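These notes are about the structure you will find just below.
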Amino acid sequence: MSTLIKRCFDLSVSIVMLLACIPIFMFVSISVLIAMGWPVFFRQSRPGKGGKLFMMYKFRTMSNAKDSNGELLPDAQRLGRLGRLLRKSSLDELPELLNVVKGEMSLVGPRPLLPEYLPLYDQEQARRHEVRPGITGWAQVKGRNSLAWKEKFALDVWYVDNRSIWLDLRILLMTVVQVFKAGDVNQSGQATMSKFTGNT
């Protein structure tokens, strides 16, 4: 697939979605502000194409609740009702459209993970960074967080080798269906996906 065609598709769809979702942005922002306070957005450095770091934006889903020692409580205790709803509906991902407009992400591609994972990938897994990371991807519609890390990485690399505008459209359609089904949001027994610790 032509990089130019994909970029034009990403840009045009993202701008239309941002404009159409202004009321949703406002509603979610106010809800997060009331439930969890400031800031409304969660910002974190993530590796993009070629492993180059960028600042990714999401709606905040966890509070800053701390224990008596001033340490943040476990994720499961900080992820309240609103946070679970935002994740289940994928509304927390909407601000990533700004990353797409900026050219740091694509609508479809391997999900951007933590920078600390970069040295842990084997040579094949590292190929997921040959393309821009996506808001959704082949691994997300094939099981999302219910998949083991090796399975997710294999699906990411498959996408890199087989990407096309038609595959992107298929993944976007499957994503819409998955959002309405609201399945595979968390790994079994986890409030969030367990960390990748390498291939050994």
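Pairing each residue of segment 143-155 that is under 10 Å from Met193 (Cα atoms) with any residue that is of a type in the set (A, V, I, L, M, F, W, C) and part of a helix (DSSP H, G or I), provided the two are 6+ apart or on different chains, yields C-beta distances under 7 Å for Leu147/Ala139.
Among the numbered conditions (1) in a helix (DSSP H, G or I); (2) in contact (Cβ under 8 Å) with a residue 12 or more places away in the chain; (3) among the aliphatic types (A, V, I, L, M), the only one that Leu107 does not meet is (1).
Checking segment 21-40 against the condition returns no match, with no residue being assigned to a strand (DSSP E or B) and either without any contact (Cβ under 8 Å) to a residue 24 or more places away in the chain or surrounded by 15 or more Cβ atoms within 10 Å (Cβ to Cβ) (or both). What residue, of Glu96, Glu124, Glu130, Glu116, is of a type in the set (D, E, K, R) and free of Cβ contacts under 8 Å to residues at least 12 places away in the same chain? Step by step, each of Glu96, Glu124, Glu130, Glu116 is checked, and only Glu116 is of a type in the set (D, E, K, R) and free of Cβ contacts under 8 Å to residues at least 12 places away in the same chain.
Screening segment 60-83 for residues that are in contact with a Ser or Thr (Cβ under 8 Å, 6 or more places away or on another chain) and in a helix (DSSP H, G or I) and picking the one that is nearest to Thr3 (Cα to Cα) gives Gly83.
Take the residues in segment 143-162 that are open to solvent by 70 Å² or more (accessible area, probe 1.4 Å) and either touching a Gly at 6+ places or on another chain (Cβ under 9 Å) or modelled with pLDDT under 95 (or both); name whichever of them is farthest from Ala126 (Cα to Cα).
Selected residue: Glu151.
For segment 163-187, the set of residues classified as modelled with pLDDT under 90 and in contact with a helix residue (DSSP H, G or I) (Cβ under 7 Å, 6 or more places away or on another chain) consists of Gln178, Val179, Ala182, Asp184, Val185, Asn186, Gln187, listed by residue number.
The values are calculated or read from the model by the stated rules, or taken from the named source; none is laboratory data. Predicted, not measured: the structure shown is a model, and the values here were computed from it. Glycine also receives a Cβ, built like all others from the backbone with ideal geometry; neighbour counts cover every protein chain displayed. In case anyone asks, the SASA skips ligands and DNA or RNA and just uses the protein heavy atoms, side chains included. Shrake-Rupley method; radii C 1.70, N 1.55, O 1.52, S 1.80 Å.
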